[in-house]
Structure formats: structure tokens, C-alpha cells
1. Spelling out what I want: for every residue of the range 106-117, take phi, set θ = phi - 60°, compute 6.51 cos²θ - 1.76 cosθ + 1.60 (Karplus), and round to whole Hz; glycine and proline get x.
2. If the chain between residue 117 and residue 77 were fully stretched, how many nm would it gain, using 0.36 nm times the residue separation less the Cα-Cα distance?
3. Among 91, 101, 173, which one moves the most in a GNM of the chain with springs linking Cα atoms closer than 10 Å?
4. Using a 7 Å offset from the Cα along the Cα-to-Cβ direction at both residue 156 and residue 132, what is the distance between the two label points in nm, to one decimal?
5. Averaging over all projection directions, find the projected area of the Cα convex hull of the range 128-196 and quote it in nm² with one decimal place.
6. Can you tell which of 114, 61, 176 shows the greatest fluctuation in a Gaussian network model of the chain with Cα springs below 10 Å?
7. Give 40/88; 136/181; 88/194; 40/136 a once-over and call out the pairs whose C-alpha atoms are over 22 Å from each other.
8. Could you check which residue among 97, 111, 128 shows the biggest mean-square fluctuation in a GNM of the chain with a 10 Å Cα cutoff?
Amino acid sequence: MQPKFSANYWENRYKESNTPWDIGYVSPPLLHYFETLQDKSLRILIPGAGRAYEALFLHRAGFSQVWVCDWAQESFVHLQKEAPDFPKNGMLVGDFFELEMEVDLIVEQTFFCALPRSRRKDYVEQMFRLLAPNGKLVGLLFAGEFPHAGPPFGGSEAEYRQLLDAHFEIHQMHLAPDSIKPRLGRELFFEAQKMD
């Protein structure tokens, strides 16, 4: 595995606060989606969670079963500081592709774009394995390529649809109208449901 995709690489990025993708709060498209969720017992997983602003919001909103997964222990310092009552067993330090659990909702936020392109099919297959019947994968994907070597890596709506189509029914995938200003017109919000 290339060094930039190792646990040490990401741990050091967080220790050095070298995280330019981190906007410091829940992105508006995800926030608006979370506000539509009624069932506080949903089992929710956020892979590649980073500083876990989404988990913090959901926890404070009363969602009782939220897990975050990241290679970097350092990334969870913010969550532990802001929510000392966040369950310790809800913070999973390790490789997402080795997770074995079942959840109802997986939230995608700057995880997919950090993976090497060779793992995109693996990503979709692992999402399928982790989700309960009728479970959903929801989040944001970059709508376009970047002029530099990643991460982050971009892509297109056509590519994402082709990847997801084998295992998911895509309910929506469109440019997010409420992205933060630097990403407006460059983010796709999507909602996909596991097909059995």
C-alpha cells in the first residue's frame, strides 16, 4: 500500500492539522438531510470520519447508535473533547474495509475521495456488506476531477452511478444546491438504497 494511504500518513496529517478538507462543521447538505431523520434509533456509521462533526451533531440530536471509523486515533480528539459522553465503543480506529457490523445508514463525507481509485469497487462492495436490508448510503461526492494528483480524487456522476448500480438503487444524485461556497457546483448529493 502506498505511504499516503497508510494509517501513519493520516495520523500525521491530523497531528499537524494538515487537513484542508476540514470545514469545521457539518456541511449544509448533510445537515439538511439529518434534519429529516425521525428515527433516533437508526444505526449510523460514518467511515473516514475525521473530526466527526457529523457524529457530534447526530449525538447531540439524540441519535443513540452512531459509530465513527477512521485510521487516525488523533482525528477523534475533537469528538472526545466536545462530547465526553460519546460512547467509547462508538469510536472505531482501524481499516474500514475490515469492519464487520450491520447498520441502517452510512454517511459519506470526504472518505470516498481519499481512497485510491483502485479501491472504489471495494468501497461499494463493503458498503453493501455493512448495510442492513433496505439500508441507505447517503452523502457527498466531488463532481469533477482535480488538476493535481490526489488525494482527494474526483470523478463524475456517470462513473458513480455505474459503480453503485450493481448493489444500490439510486434515489437521487444531483448537484447540491446548498454546498459551502468553495464547493458550490462541485458536489453531488446522493442517496442510494441497498438492493437485496
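Since every read-out is calculated from the coordinates, none of them should be taken as a lab result. Predicted model, so just to flag it, every value in this text is computed and none were measured. So basically every Cβ, Gly included, is an ideal-geometry build from the backbone, and we count neighbours across all protein chains shown.
1. Each residue's phi maps through the Karplus curve to give 10, 9, 9, 8, 6, 9, 3, 6, 8, 7, x, 4 Hz.
2. Details: separation 40, 0.36 × 40 = 14.40 nm, distance 2.87 nm.
Value of the extension gain: 11.5 nm.
3. Maximum fluctuation in the GNM of the chain, among the listed residues, is at 101.
4. Simple spin-label model gives 3.8 nm for this pair.
5. Numbers: hull surface 21.0 nm².
Result: a mean projected hull area of 5.2 nm².
6. Comparing 114, 61, 176 in the GNM, the peak value goes to 61.
7. Working: 40/88 19 Å; 136/181 27 Å; 88/194 28 Å; 40/136 15 Å.
Exceeds cut-off: 136/181; 88/194.
8. Ranking 97, 111, 128 by mean-square fluctuation puts 97 first.
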